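Working notes, beginning with the structure itself.
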Amino acid sequence: MEIYAEYFFVENFIADGAIAALTLSLWRKRIPAPRFLCAVLLMTLYSFSVFIPGNTLITCFPVKILFSAVVVKILFPEEEIKVFLQASVTFFGAGLLMGGAVSFAVFMLKSRGFSGYGAMYVYPGSYPLVLVCIGGAFFFVRLFFGLLSEKRKGEAPVVEVCLSVGEKTCWLKGFVDTGNCLRDPGGGRPVMIGEAESVRPLIAGNYEESRVRIIPYSAVGLESGTLIGIDVDRVIIREKGSEYTGRPAVLAVYNGSFGLENGCSVIIHPDILKKEAADLCC
């Protein structure tokens, strides 16, 4: 089978771009275009390793794992190890999905081509169906995870939380979002997100600069960007008839509404919950 280098490059660049884009999309994360292109180009160049004589070492499983870790680190440069590992699993899943979509298209068209070893190649006449299969896979996976995310929201534990900032305290209703991985880049504190109208009693007034935080985010239902946050002095969690002290946290303010039917106005980081008897209450 004759393989044209220029077609091979373009096809793998598109497929690798779809894998990277799907991985970022599932995590609702945006990165600068140069960083994205760098990751995709690196993946595409790796695809050419299938043509290197005696490429057993380059294409062996440990090297693929190491290479994938480098790509994921480019896509998720500032994430903690837990998120990095989860993103790596997502990356592998997206790669298998896209490879399966290409293989399905080749099978349906009975066209010459292949998908495997981190590379793919199909003849130009197969492009329409291949693109449809890749686009369809992307769409249905995003749809599935979107529905799963909404279902998880509905089933997420709903708690009452008392936040103290200086002499100000406020009881709010929130849900624990296991998908919330936000942390203060400066101090590593977990971040909860509150609707501006609900947390206004806490944030009104002037605070020293050392208390204010800038939080980059990419959260469910929100566009990527930055949020203004403030250190919370004390967190009290009330759930199932008991109260306990939560971990030190940062409250980020969202200028909008989450639109949650259960009346929750705060998205709580799961690490904030810490089972300790509260010796103080609001």
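Remarks
- For the peptides 66-73, 15-22, 31-38, the ranking by packing is 15-22, 66-73, 31-38, with the highest mean count of neighbouring Cβ atoms within 10 Å listed first.
- Per residue, the accessible area of region 15-99 comes to 51 Å² when a 1.4 Å probe rolls over the protein heavy atoms.
- Approximating the spin labels as points 7 Å out from Cα along Cα→Cβ, the Leu96-to-Glu80 distance works out to 2.7 nm.
- Each Lys or Arg adds one and each Asp or Glu subtracts one; over the other residues with Cβ under 10 Å from the Cβ of Ser164, this totals 0.
- Summary of packing: across the peptides 234-240, 263-269, the per-residue average of other C-beta atoms within 10 Å ranks them, highest first, as 263-269, 234-240.
- Restraint check, Lys29/Lys240; Lys29/Lys173; Lys82/Lys168, Cα-Cα greater than 29 Å: Lys29/Lys240; Lys82/Lys168
- Taking label positions 7 Å along the Cα-Cβ direction at both Arg247 and Ile58, the computed distance is 4.3 nm, reported to one decimal.
- Treating r as the C-beta distance of Val158 and Leu42 and R0 as 30 Å, the FRET efficiency rounds to 0.10.
The values are calculated or read from the model by the stated rules, or taken from the named source; none is laboratory data. Please read these numbers as outputs of a predicted model, since none were measured by experiment. Cβ: placed from backbone, ideal geometry, glycine included. Neighbour counts: every protein chain shown. The accessibility values were calculated without ligands, DNA or RNA, using every heavy atom of the protein model including side chains. Shrake-Rupley method; radii C 1.70, N 1.55, O 1.52, S 1.80 Å.
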